[in-house]
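Step one of this worksheet: look at the structure below.
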Amino acid sequence: MVKGSDVLVEALSHEGVDRVFGVPGEGGLDVLESLRSSKIEWVLTRHEQAAAFMAATYGRFTGRPGVCIAACGPGALNLSTGAAYAHLGAMPMVMITGQKAIMSNREGLFQLVDVIASMKPLTKLSRQIVSSASIPTLVRDAFRIAMEERPGPVHLELPEDVAADEIRPVPMVPIHPIEIPIAHRAALDRAAKIILGSKRPLIMLGAAASRPRATLGIACFVQRTGIPFFTTQMGKGSVPGGITLYMGTTALSEGDCVHEAINQADLIVAIGHDTIEKPPFIMGPKGPHVIHVSYTPATVEQVYFPHAEVVGDVGPSLELLADRLEGKLPNAKALLSLRQRILNRVADQATESRWPVTPQRLVHDVRKVIPENGIVALDNGMYKIWWARNYSTHVTNTLLLDNALATMGAGLPSAMMAALLFPDRRVMAVCGDGGFMMNSQEVETAVRLKLNLVVLILNDGAYGMIRWKQAVRNLSDFGLTFGNPNFVRYAESFGARGTRVKSVEALVPTLEAAFVEGGVHLVDVPIDYSENTRLLQGLCDRQRVVDLV
């Protein structure tokens with residue numbers, strides 16, 4: 001005989017799960033015991049939200065669902081932000097939460113919350129397991145649904161009496177491959193005709209272009225057509241380095257340097273664009289024609305309404321489209337003459353020696369210590385715009401940022417997941433002081449896991465982005481400043497190392513030393529956000545910056 005929890009863990013192993021993240025509760029002790037005797041690594045976090053962020057980031061990197069576990073009631077509800085993070089960001093994830101006994105409950109309504117209902121708007125599927133014998137089928141279905149386009153989170157609720165129920169062994173459900181259809185021939189012909197007729201074409205790479213399965217096909221399409229490209233924030237890095245057709249990244253919706261090329265384009269081939277992102281450009285009646293290329297049909301919005309669509313497995317579909325275009329596009333590089341001017345403007349004052357450090361100099365110096373395959377995971381704050389604009393990427397999925405839910409608190413757990421998956425690569429979390437403190441307790445988890453991780457804390461003593469928007473709207477400076485702990489001593493209290501940078505010249509040596517030494521390092525650096533007003537505010541109309549950043 002086996003317990004329901006044993007069947008669950010066996011089903012997870014059958015799906016290839018190698019680690020599970022979470023915080024267990026009293027009702028989850030059977031599952032914890034089953035994990036103890038399995039080959040799956042149990043990663044205990046200090047908050048359920050961090051467990052969800054880590055599981056979602058696992059899905060982002062691998063294309064397979066990460067798994068997180070939480071208790072019933074408050075533990076399950078603490079996964080909600082992580083569920084939304086994965087749902088909007090299209091990251092496959094399976095969440096397993098506990099629940100009070102459903103056949104005989106002697107605790108009344110204690111901690112009893114309808115988690116199924118609360119998770120339904122945040123997931124692709126949310127359902128309760130009512131029979132131990134059904135676990136293999138439900139787990140197989142959960143993984144299949146989480147991975148299907150558009151990927152996202154799935155929630156399974158396991159009541160404690162079902163987890164403890166003893167039954168005869170249950171066979172696992174076989175895993176069979178499911179191929180994504182390739183775009184229809186008529187759609188490919190239509191798109192090719194439009195592209196062949198364009199005089200100033202441009203490619204845009206969006207969030208779905210970063211899927212692990214798509215990057216090679218996209219890179220080949222760009223190279224074979226010779227059309228220059230720009231990226232959205234979440235599409236940044238989707239084409240490997242070495243391609244000299246990159247025009248920039250849209251950190252703002254309009255008025256930024258790269259929009260000089262966008263405004264002159266007569267056609268934009270939008271590959272993998274997902275309207276969960278802030279608009280990378282605003283479509284209008286006089287704007288360029290747009291071809292939507294993605295796994296799923298376009299979501300038509302006021303700011304995005306493509307004129308043609310190529311829907312199917314992106315990599316193979318683009319290969320067929322390139323077959324129709326290669327060598328036939330005399331105007332392919334019409335906008336490439338703008339490239340160097342755009343990139344030069346983006347790099348403006350990148351080596352300025354002002355102190356506290358400016359965002360441009362910070363990005364410039366971090367790029368010095370991060371090798372091409374190194375990974376930077378951003379939390380959410382004012383600096384994200386600067387990283388999107390100014391940070392050059394050479395290898396796919398080496399800059400992790402969230403422009404979908406755009407939640408604070410995800411940067412550190414995301415970087416921890418990257419460090420777990422790629423222990424031989426340099427990994428850095430970049431967090432504002434506000435976002436860092438939202439999940440700073442996970443420094444203990446990182447130390448316990450013996451991770452090699454540098455956490456760069458940008459210290460301005462405020463919720464900087466909102467404070468900037470407050471200033472842009474000519475509102476009083478009110479309600480957004482706070483005090484911080486001594487981050488050096490805070491790091492040391494967890495068994496990590498801490499350093500406070502005191503000059504711009506010390507930044508690179510400090511970061512380099514932290515990477516060379518290994519372990520977990522917190523580096524506290526003051527930042528000067530006055531550049532927001534000087535440069536970013538001058539790029540757009542004042543009200544549009546407030547609405548569209």
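For the stretch 3-57, which residues satisfy the criterion of being in contact (Cβ under 8 Å) with a residue 24 or more places away in the chain and polar (S, T, N, Q)? Before the answer, list the steps.
First pass over the stretch 3-57, keeping only residues in contact (Cβ under 8 Å) with a residue 24 or more places away in the chain: 3-17, 19-28, 30-31, 33-35, 38-40, 43-57.
Ser5, Ser13, Ser34, Ser38, Thr45, Gln49, Thr57, listed by residue number.
If a residue has to be farther than 30 Å from Ala187 by Cα and not in a loop (DSSP other than H, G, I, E, B) to count, how many in the stretch 317-349 make the cut?
From the stretch 317-349, those farther than 30 Å from Ala187 by Cα are 337-349; that's our starting set.
Of the ones still in play, those that are also not in a loop (DSSP other than H, G, I, E, B) are 337-346.
Within the stretch 317-349, residues that are farther than 30 Å from Ala187 by Cα and not in a loop (DSSP other than H, G, I, E, B) number 10.
What do you reckon, is Asn373 more than 27 Å from the chain's Cα centre (by Cα), among the polar types (S, T, N, Q) and within 23 Å of Thr244 (Cα to Cα)?
Working: more than 27 Å from the chain's Cα centre (by Cα): no; among the polar types (S, T, N, Q): yes; within 23 Å of Thr244 (Cα to Cα): yes.
Taking the combined requirement at face value, the residue does not satisfy it.
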>> Looking at the stretch 366-394 only, could you name the residues that are in contact (Cβ under 8 Å) with a residue 60 or more places away in the chain, farther than 19 Å from Ala251 by Cβ and in contact with a strand residue (DSSP E or B) (Cβ under 9 Å, 6 or more places away or on another chain)?
In response: Val369
> Restricting the search to the stretch 466-504, which residues are surrounded by 12 or more Cβ atoms within 10 Å (Cβ to Cβ) and among the acidic types (Asp, Glu)?
Replying inline: Glu492
> Of everything in the stretch 340-384 that's of a type in the set (D, E, K, R) and within 24 Å of Gly434 (Cα to Cα), which residue is surrounded by the fewest Cβ atoms within 10 Å (Cβ to Cβ)?
Replying inline: Arg354
> Which residues, counting only those in the stretch 455-476, are closer than 20 Å to Arg489 by Cβ and part of a strand (DSSP E or B)?
Replying inline: Val455, Leu456, Ile457, Leu458, Asn459
> Somewhere in the stretch 189-208, is a residue part of a loop (DSSP other than H, G, I, E, B) and either on the phi > 0 side of the Ramachandran plot or within 30 Å of the chain's Cα centre (by Cα) (or both)?
Replying inline: yes
> With respect to the numbered conditions (1) within 20 Å of Phe515 (Cβ to Cβ); (2) within 21 Å of the chain's Cα centre (by Cα); (3) surrounded by fewer than 22 Cβ atoms within 10 Å (Cβ to Cβ), which one is the sole condition not fulfilled by Leu399?
Replying inline: (3)
>> Given (1) touching a Gly at 6+ places or on another chain (Cβ under 8 Å); (2) of a type outside the set (Asp, Glu); (3) exposed (fewer than 13 other Cβ atoms within 10 Å of the Cβ), identify the lone condition not met by Tyr529.
In response: (3)
> Here are Thr510, Thr499: which of them is under 20 Å from Met437 (Cα atoms) and not in a loop (DSSP other than H, G, I, E, B)?
Replying inline: Thr499
> Hey, among Ala146, Ala133, Ala163, Ala142, which residue is hydrophobic (A, V, I, L, M, F, W, C), part of a helix (DSSP H, G or I) and modelled with pLDDT under 95?
Replying inline: Ala163
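The values are calculated or read from the model by the stated rules, or taken from the named source; none is laboratory data. In this text, all values refer to a predicted model and were calculated from it rather than measured experimentally. Here the Cβ is made from the backbone with ideal geometry for all residues, glycine too, and neighbour counts use every protein chain on show.
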